[in-house]
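Visitor: What follows is a single structure, and I will ask about it in a moment.
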Amino acid sequence: MSYNTPNITLPKFTYYKADNLADALSLLKQYNGKARVLAGGIELFKQMRQRLIVPEHIIDIKGIEELRKIDVTDRGIEIGPAVTAVELQKSEIIREKCPPLFKAASFMGDRILQNSVTIGGNLTSGLPCTEGVPALMSMDSVLEVRSAERSRILPVSDLILNIRKTTLNSDEIITKIIVPYNGGLSGGYLKLLNASEMAVANVAVALFSAKRKLRLAMGAVNVKPYYFDESTLGWKWNESIEENIRLALNAIGSTIKPMAYNRVASAEYRGEIAKVLAARALKELFRGA
Amino acid sequence: MRTITLTVNGLSKEVSVNDNEVLLNVLRDKLGVTSVKAACWKGECGLCTVLLNGLPVKSCMTLAVEADGKEVITAEGLYSDDRAKKLQESFVKHGALQCGFCTPAFIVTSHHVLSKEPDIDGEDLKKELSGIICRCGTYYQIYDAVRDARKYYKKEH
Amino acid sequence: MSNKFVGKEVPQTDSWLKVTGTLKYAFDINFPGTLYAKLATSKLPHAKIKNIDVSEALKVKGVVTVVTGRDLPYRLGLYLSDRDVLAVDKVRWIGHPVAAVVADSLAAAEEAAERVSIEYEPLEPVLTVERALEKDSPLVHEKLGEYRVFPGFKPVPGTNIANVFELKHGEAEKVLEEQDIIIVEETYSLPQISHGAMETQNVLAWWRFDDYIELWTSIQSPFATRFLMADAMGLPVNRVIVHAPPSGGAFGLKAGLGWEPLVALLSRKVGHRPVKLILSRAEQMTIAPVRDGFIAKVRAGFKRDGRFIAYQADFYLDAGAYADYTVNVAKTAGYSADGAYDIPNVHIRSMAVYTNKIPTTAMRGFGHPENHWPLEQTIDRAARKLGMNPVEIRRINLVKPGESVRATGDRVRADEGDPQKVLSMLADAIALNHVEKPEEPWKVRAKGISLLVKAPSQPPNAGASAIVKFNEDGTVDVLTGNGSMGQGTPTSLAIIAAEEFGIPLERVKVNQLEMVNTDSNPYTWQTVGSRGLFSDGSALLKAIDDAKEQIRETASRVFKVPVEDVEVSGGYVSSRTHPWIKKEIREFAMGYTYPDGTTVGSAVIGRGSYAPVLNTFLDSDGQGSNTVFHTYGGTGVELEIDLLTGQVKVLKAIQVYDVGKAIDKLLIKGQMDGGFIMGLGAALYEELKFDKDGGVVNANFFDYYMPHFEDMTAEMESYTVETPQKDGPLGARGVGEQVMVGVAPAIANAIYNALGVSINELPITPEKLWKTIKDQKPELMERAAKSLYGEKIQGVSQI
Ligand SMILES: Cc1cc2nc3c(=O)[nH]c(=O)nc-3n(C[C@H](O)[C@H](O)[C@H](O)COP(=O)(O)OP(=O)(O)OC[C@H]3O[C@@H](n4cnc5c(N)ncnc54)[C@H](O)[C@@H]3O)c2cc1C
Ligand code: FES
Ligand code: FES
C-alpha cells in the first residue's frame, strides 16, 4: 500500500463538537456509516486527504471530559481514549503502573504530534506499527466499547482485524481503556525503524512478578500483533534467564509469521528483529526486576 | 461556512471558515499569517507548527473549527515576547537557519520547550525538536542556539 | 587590509526575517483573485492516450478550465528539449501530468483533477536501465532525433540513450591487462533520491494583457528560468519577468525550468488572470524530477606500491522519462570520474538512459555523489588488498597542483588548493588506527574516510554580472542575479562589498527585498554548481573597482591630485602622497558638492561582469578545459555498528575543505554541518522505492525518511584550509555541494574497514547492512548473538 497523498485539501464534511458521550453516540447512530469520530485527527485526516475514506460527518470527541481522564479504580487503571500521548507521559499513574504504555507513548509520532495523538485514535488507526496495541496487550488490557444502544468489553488483543480495519462497529466508540493491574508491574518497550517512520518491529514486555505472570506482545511483525504469556513462551521460572530467552526465542520463532509490508522490511528481517528486540526487552526486564 | 473566533498573536480575529478547512490554510490564506509554512500537508514535516493554547500542534492536521475560541501564537507574534526575542536572536547569532523555511516552526517549538523546561539538554532536547524536518540540516546550529537561549528562560532571569 | 568582516562569523543578512517568519517566499505570494491549478496525472508507466474526458471535471463548482497536452504544443529543455508541457499522445511514467485544472479554489481544483478520466492503450514499460539498453526495448522517446540538443551532448536516436559521454586518457584497458597489477573490480549503485527541499515547487504566473509574463516562482536560477521560458514560448527574453524570492531549499531541483510554462499558459487561457500551482509533497515526489539512479561498473588497476594506474568505468544513469538536465549529470560524472587522483590511464563511458520512471534532474553534487561512490570505495578496497593504510594510498595518488594533468587533459592549477593538506588534517582528526571497543559486545566501532573534489559543471560562457549603487548617504546597494536558497551567498557578497569599501556591513544591502527580479537585477547564468560566490563575487569585485574608479576621478578633481594618487579604502577617499587629504566615501556618493553648490562628478554606480577564461566544450574523447575552480575536501566518520540489527550510529564526523578564503565562517560551518546531515540521509536512509510498474510508492516523509533532529548523533568537527585561488574573489572558492559528497563513501569505507564486508549500494539501511553481514560474515553475527543471549544473568527463580 502506498501512502502518497496528492491532495492538500480535505474533502467536504460537517463538523460536530460533542460535549458529552450521549451526544456523540447518538450522532454516530444517526449518521451511521457516514460519520467518523475525530480524536487527534492525525490518522483520520491523512486518510481523508488520500480519499481513502470520505466521511460526511465528523464527530469531535475531544471535548468530552470523561474521555480525557486517567483514574485508578477497582477495575485497575482506567484511561480515557482521548488522553493524548503527551498526557500519558506526564501521568504519574501511567509512569508507575503501566511502564510499557508509558514508554510506548513516547514513540507515538514525534513530540509535536504527541500533543494531538490520542491513545484511542492510536489503537483504532489499525496500522500494524502503532504502539498502543502491543503496549496495552502486554498488560492484558481491555476496552470498554459503547454504542447508543449497548456497551461491551473487548480485549485489546481482539481489536485489530486487518490493516486499518478493527472489530469496532461503525456506531461504536472506545470509551475506556482498562489495564487490569493496579501496580506491581514492571515492563519495557522497544522499537526498531528501518529508514522509514514505520516500525520493523515493536516489542512490549510486562512482568507481574508477584503472580509470576510474564507477557510479551509484538507489533508490526504482522497485521495483527502477537501475544505471548509465560506458558506460550515456554518460560521456566527456575531456569537461568539465558536458557529462558533461548526457549522464548524458539517459541516466538515458531509462532510468528512475519510479513513484508509496505517495503519497510523483508519478512526475514522482521522476524529476526522481532527476536532480537524480544531478547533485549526480556534481558532488560529481568535485569531491572 | 461558520464564523470562528481566534486570538492570533494577541489580536482577536473573526473569520468564516468551511468545516473542512485546516487551521494552516485559514492562518495563511485568510489571516495572512505566512510565517506558518507547509511542506507535507500530512503531519510529517512539522513546518506548520503553531502554538494552540500554548501547545505546539501541526496546523495542517488541525481543523480551523477545532481552534474556535483558542489562542494561536506564531513566530511573528513571538517577537514581542522578551524571552522569545532573545531566542530568535540566538538563532541569528548561531546561524541556525539556512533557507529559513523551517525556522518559524523551530522558533515556536523551542520557545514552548524552553518555557516549560528551561534546563533541557542533550537527547531530551533533540527529542523535543524531532517533529520538524530541516532539509538544510541546521540541526547542529539550532541545538546550540536553543541551549544558548536557555538562560533567558530560567526563573532568575 | 583590515579584514573587518571577511573571515568572521556573520549571520545571513535576512536572518531576522527568517526567525520571525516574515521573509516572503514564492509560497507566500498571492494576489486577490488568484486561481489555483491542479494536475491530473497518469496511472500507467507507458501508454498511448486514447481519450481524455474532462466533462466531469468541468462540472465541479468553481472550475474555470481544464487543459490537456495538445492545447500546449511547446517543447521544453535546457540541454535536450525532451519535455512536453503536459503529456501529448502518450504518457511516460506513473505521475506524468496529463491535464491541468484551473479553479477558483484549491479544493475545487483538487476535486476536479480527480474527475479527469483518461483512457489508455498500455504499452510495454521500460523500467530498468538493463531493459532500456536492449536492442528490442520499447522507446521512451521515439522522436529523440528531432529534439534540440545543446552543443556537447550526444543522444542516440532510435535507442533510449539520452546522452553518451566518453573520456579517454592513456590506455586504461591495455594497462589493466598487464601483469603484476592489482585489480579491483566491482559494480556499485545509487538509488533515485528526492531533493527534499522543504518548499515544494510552486509558481504564480500572470500572463499580462500586454503579453508580458510575470512569474513569482520558487527557483534558484532566475535568468535561466527566464531564458528557457522565453525560448520555449518563442518570445523575446525580456517579455518574461521572473521574480525570484528566496527559495525554501533548492538543491538543484529548482535550477532550469520547472512548471513556469504550464502555469503561464494556464494564466493566458483563463483570461490573463493570475494562476498559482503548488505541488503537494506527493506530487513533488512523483511528478517532478528527482536525482538519477546510478550504476557504475568499475575496474581499477594498482601497482604493488599503491600507485593507481588505470581506471575503467561504465556509468549508467537511470534518467527516467525526461533527461533534460541529467544528460549533463552523466557527462559531469564522466569527466570528473578520476576525482582527486592522478591516474595516468582512464577510460570512462557515462550514459543517461531513459526509462518509464520519474524524470530526473540536477541535484547537489551533480554527478559527484555518483562518481565518488565507486571511486572512493575502490581506493579502500585496493588499500586492503595491498596491505596499505587508506590515508597512505590516497597520499601517493593525489593530484599535484601545478604538475598533474586531469583525465580531461586539463592541467591541475598550482593555486587550485592543497589536497595533501586536506588529507593530513583529515587523517589527524580521525586517527584511523585508534578504534575503541564499545560497551555492548554486539556492537563494533569503525572509522573511515573519503576525499573528494568538485568543480562547477557549466558551459564555457557561464557568466555573471553585478551592479554597485551608491545612495545619497553613502550606503551601498549591490545587485546580482544570485538566487538565494539558504546558501548565504548574498551575505558573502555583502561582506565583500563592505570590506572593499571599508564601510560597515549594515550599510550594504544585496538584492532589494531579498528578491531577484530579472528586470532590475543583472544577469548571472545560474545559481548552481557552487559557482555563485566565485562567479558573482568576481563580477562584484569588478563592479566595486568600477565604482571606485568613478570616485577616484571625482576625488582627483576635488583634491587636485592625479587619479592614480587617489585611494578608496577603509571608508575614506584619500591621497596616497598627501594622506592628510582625506574625505569620507559618502561625500562622493552623488558626486562631490562644494558648499556653494557646485558639484563635481555624479551618482556612483559601478558595473562589473565576469566570464570564465578560456573554457571550452570537451571534445569527443572528453578532452578540454571546462572548469574554473576545484574545491578539495574530505570527510571522516566514526561509527558504531549493531551487528544484530544492522543499525549504524555515527559518533563522530570530520569535514575538511579547502575553501580558498573563508569569507564567512559561520556560513561555511553551516554548509559543512548541513551538508553532512544531507549526506547522512543519502548514505543511510534515502531511496525512492518503486512498485512493479515503476510508480514511486514512498512519496511522503513517513516512508521516505530524511534526517531528523535525533540523527544528529555525531560530534562534528569541521576545518577549513585556505589556499587562495588567484582569480577567486579574495581567493575564495565554492563549497555548497562538496560538503555532502564524501559522506556516503566514508561511511561505507568505515564499515568495510571494520567488518570486511562490502556494501556497493545505497542506502545502507539497517536491513541492508544486516543482510550483508549475514551473507558475507555470518560468524560476526553469530558471535554477537552469543554475547546477547549467552551471557549469564541471575536465575529467574530468584525473583
Ligand atoms: C509522521 C507520523 C509518524 C507517526 N509515527 C507513529 C509511530 O511511530 N507510532 C505510533 O503509534 N503512531 C505514530 N503516528 C501516529 C499514528 O499513526 C496515528 O496517526 C495516531 O495515533 C492517531 O491518533 P489520533 O488521536 O490522531 O487519531 P484520529 O486520527 O483522530 O483517529 C484515528 C481513527 O480512529 C478513530 N477513533 C479515534 N478515537 C476513537 C475512539 N475513541 N473510538 C473509536 N474510534 C476512534 C477515528 O475515527 C479514526 O478512524 C505517527 C503519525 C505521523 C503523522
Ligand atoms: S505541513 Fe503540517 S506537518 Fe507538514
Ligand atoms: S533552514 Fe532550510 S529547511 Fe531548515
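Visitor: Which of the helices (runs of 4 or more DSSP H) contained wholly in the stretch C:690-799 include at least 1 residues that are within 30 Å of C:Gln671 (Cβ to Cβ)?
Guide: Fully inside the stretch C:690-799 and qualifying: C:738-741, C:743-755, C:766-776.
Visitor: For the condition within 30 Å of C:Lys8 (Cα to Cα) and surrounded by fewer than 24 Cβ atoms within 10 Å (Cβ to Cβ), what is the one hit in B:Ser130, B:Ser80?
Guide: So the residue among B:Ser130, B:Ser80 that is within 30 Å of C:Lys8 (Cα to Cα) and surrounded by fewer than 24 Cβ atoms within 10 Å (Cβ to Cβ) is B:Ser80.
Visitor: Here's a follow-up. Mind counting the residues in the stretch A:112-166 that are within 15 Å of A:Gly80 (Cα to Cα), β-branched (Val, Ile, Thr) and more than 10 Å from ligand 1 (Cβ to nearest atom)?
Guide: 3
Visitor: Shifting gears a bit: If we scan the stretch C:547-555, do we find a residue that is in the same structural domain as C:Thr491 (by TED's automatic domain parsing), more than 43 Å from the chain's Cα centre (by Cα) and outside any helix (DSSP H, G or I)?
Guide: Looking through the stretch C:547-555, none of the residues is in the same structural domain as C:Thr491 (by TED's automatic domain parsing), more than 43 Å from the chain's Cα centre (by Cα) and outside any helix (DSSP H, G or I).
Visitor: Let me ask you something else. Go through the stretch B:101-135 and give me each residue that's within 16 Å of ligand 2 (Cβ to nearest atom) and not in a helix (DSSP H, G or I).
Guide: B:Phe101, B:Cys102, B:Leu129, B:Ser130, B:Gly131, B:Ile132, B:Ile133, B:Cys134, B:Arg135 - these are the residues of the stretch B:101-135 that are within 16 Å of ligand 2 (Cβ to nearest atom) and not in a helix (DSSP H, G or I).
Visitor: OK, next. Since A:Lys46 meets every condition but one in (1) at the interface with chain B (Cβ under 10 Å from one of its Cβ atoms); (2) part of a helix (DSSP H, G or I); (3) modelled with pLDDT of 95 or more, which condition does it not meet?
Guide: (3)
Visitor: Among the listed residues C:Lys168, C:Lys154, identify the single one that is free of Cβ contacts under 8 Å to residues at least 60 places away in the same chain and in the same structural domain as C:Phe315 (by TED's automatic domain parsing).
Guide: C:Lys154
Visitor: Could you list, in sequence order, all residues of the stretch B:87-100 that are among the hydrophobic types (A, V, I, L, M, F, W, C) and more than 16 Å from ligand 2 (Cβ to nearest atom)?
Guide: Of everything in the stretch B:87-100, those that are among the hydrophobic types (A, V, I, L, M, F, W, C) and more than 16 Å from ligand 2 (Cβ to nearest atom) turn out to be B:Leu87, B:Phe91, B:Val92, B:Ala96, B:Leu97.
Visitor: Would you point out the residue of the stretch C:42-86, among those that are of a type in the set (A, V, I, L, M) and under 28 Å from C:Phe150 (Cα atoms), that is surrounded by the fewest Cβ atoms within 10 Å (Cβ to Cβ)?
Guide: For the stretch C:42-86, the residue satisfying everything is C:Leu72.
Visitor: Do the conditions hold for C:Tyr120, that is, is it closer than 27 Å to A:Arg49 by Cβ and under 31 Å from the mean Cα position of the chain (by Cα)?
Guide: Answer is no for this residue.
Visitor: Check the stretch A:205-213 and report whether any residue there is in contact with a Gly (Cβ under 9 Å, 6 or more places away or on another chain) and assigned to a loop (DSSP other than H, G, I, E, B).
Guide: Among the residues of the stretch A:205-213, not one is in contact with a Gly (Cβ under 9 Å, 6 or more places away or on another chain) and assigned to a loop (DSSP other than H, G, I, E, B), which makes the answer no.
Visitor: A further question follows. When you scan the stretch C:504-517, do you find a residue that is closer than 30 Å to C:Tyr657 by Cβ, polar (S, T, N, Q) and not assigned by TED's automatic domain parsing to the domain that holds C:Ile663, even just one?
Guide: Yes, the stretch C:504-517 contains at least one residue that is closer than 30 Å to C:Tyr657 by Cβ, polar (S, T, N, Q) and not assigned by TED's automatic domain parsing to the domain that holds C:Ile663.
Visitor: Now a separate question. For A:Val37, only one of the following conditions fails: (1) in a helix (DSSP H, G or I); (2) outside the structural domain of A:Ile174 (by TED's automatic domain parsing); (3) modelled with pLDDT of 95 or more. What is its number?
Guide: Of the numbered conditions (1) in a helix (DSSP H, G or I); (2) outside the structural domain of A:Ile174 (by TED's automatic domain parsing); (3) modelled with pLDDT of 95 or more, the odd one out for A:Val37 is (1).
Visitor: Based on this model, can you work out whether B:Lys37 counts as within 15 Å of ligand 3 (Cβ to nearest atom), within 12 Å of the chain's Cα centre (by Cα) and crowded, with 24+ Cβ neighbours inside 10 Å?
Guide: Judged against the criteria, B:Lys37 is a match.
Visitor: Next question. May I ask you to list pairs of residues, at least six apart or on different chains, whose Cβ atoms are under 6 Å apart, with the first in the stretch B:33-59 being under 20 Å from B:Gly137 (Cα atoms) and the second being away from ligand 1 (no atom under 13 Å from the Cβ) and modelled with pLDDT under 95?
Guide: Qualifying pairs under 6 Å: B:Ser35/B:Glu76.
Visitor: May I pose another question? What about A:Ala248, is it over 21 Å from C:Thr772 (Cα atoms), within 11 Å of another protein chain (Cβ to nearest Cβ), touching a helix residue (DSSP H, G or I) at 6+ places or on another chain (Cβ under 7 Å) and of a type in the set (Gly, Ala, Ser)?
Guide: Yes; evaluated as a whole, the condition is true for this residue.
Visitor: Yes or no: the stretch C:246-259 includes at least one residue that is polar (S, T, N, Q) and in contact with a strand residue (DSSP E or B) (Cβ under 8 Å, 6 or more places away or on another chain).
Guide: No, the conditions are met nowhere in the stretch C:246-259.
Visitor: Then there's this: Spot the failing condition for C:Ala282; the list is (1) in contact with a strand residue (DSSP E or B) (Cβ under 7 Å, 6 or more places away or on another chain); (2) surrounded by 24 or more Cβ atoms within 10 Å (Cβ to Cβ), and only one is missed.
Guide: Status for C:Ala282: all satisfied but (1).
Visitor: Say we look at the stretch B:31-48 and pick out the residues that are more than 16 Å from ligand 1 (Cβ to nearest atom) and of a type outside the set (Gly, Ala, Ser); which of these is farthest from the other protein chains (Cβ to nearest Cβ)?
Guide: This residue is B:Leu31.
Visitor: Right, something else. Return the residues of the stretch B:124-142 that are facing chain C (nearest Cβ under 8 Å) and out of contact with any helix residue (DSSP H, G or I) (no Cβ under 8 Å at 6 or more places or on another chain); say none if nothing qualifies.
Guide: B:Ile133
Visitor: Please count how many residues of the stretch C:646-676 are surrounded by 24 or more Cβ atoms within 10 Å (Cβ to Cβ), away from chain B (no Cβ under 14 Å) and not hydrophobic (A, V, I, L, M, F, W, C).
Guide: Matching residues across the stretch C:646-676 total 4.
Visitor: Looking only at the stretch A:113-155, count every residue that is within 16 Å of ligand 2 (Cβ to nearest atom) and under 8 Å from the mean Cα position of the chain (by Cα) and tell me the total.
Guide: 0
Visitor: Name every residue in the stretch B:40-59 that is within 16 Å of ligand 3 (Cβ to nearest atom), among the hydrophobic types (A, V, I, L, M, F, W, C) and under 14 Å from the mean Cα position of the chain (by Cα), in order of residue number.
Guide: Passing the criteria: B:Cys45, B:Leu47, B:Cys48.
Visitor: Here is a further query. Being under 19 Å from C:Tyr79 (Cα atoms), in contact with an Asp or Glu (Cβ under 7 Å, 6 or more places away or on another chain) and among the polar types (S, T, N, Q) is the requirement here; does C:Thr332 meet it?
Guide: no
Visitor: Using the structure shown, decide if A:Ser151 is surrounded by fewer than 20 Cβ atoms within 10 Å (Cβ to Cβ), free of Cβ contacts under 8 Å to residues at least 40 places away in the same chain and more than 30 Å from B:Val108 (Cα to Cα).
Guide: yes
Visitor: Moving to a separate point now. Out of the residues in the stretch A:8-37 that are at the interface with chain B (Cβ under 8 Å from one of its Cβ atoms) and touching a helix residue (DSSP H, G or I) at 6+ places or on another chain (Cβ under 9 Å), which is surrounded by the fewest Cβ atoms within 10 Å (Cβ to Cβ)?
Guide: That would be A:Lys12.
Visitor: If I filter the stretch B:49-65 for residues that are under 17 Å from A:Thr9 (Cβ atoms), within 8 Å of another protein chain (Cβ to nearest Cβ), more than 16 Å from ligand 2 (Cβ to nearest atom) and crowded, with 18+ Cβ neighbours inside 10 Å, do I get at least one hit?
Guide: Yes, because at least one residue in the stretch B:49-65 is under 17 Å from A:Thr9 (Cβ atoms), within 8 Å of another protein chain (Cβ to nearest Cβ), more than 16 Å from ligand 2 (Cβ to nearest atom) and crowded, with 18+ Cβ neighbours inside 10 Å.
Visitor: With (1) in contact (Cβ under 8 Å) with a residue 60 or more places away in the chain; (2) more than 16 Å from ligand 3 (Cβ to nearest atom); (3) touching a helix residue (DSSP H, G or I) at 6+ places or on another chain (Cβ under 8 Å) as the list, and B:Thr62 as the residue in question, which single condition is left unmet?
Guide: It is condition (1) that B:Thr62 fails.
The values are calculated or read from the model by the stated rules, or taken from the named source; none is laboratory data. Bear in mind that the values here come from a model prediction, so they are computed numbers and not experimental data. Glycine also receives a Cβ, built like all others from the backbone with ideal geometry; neighbour counts cover every protein chain displayed.
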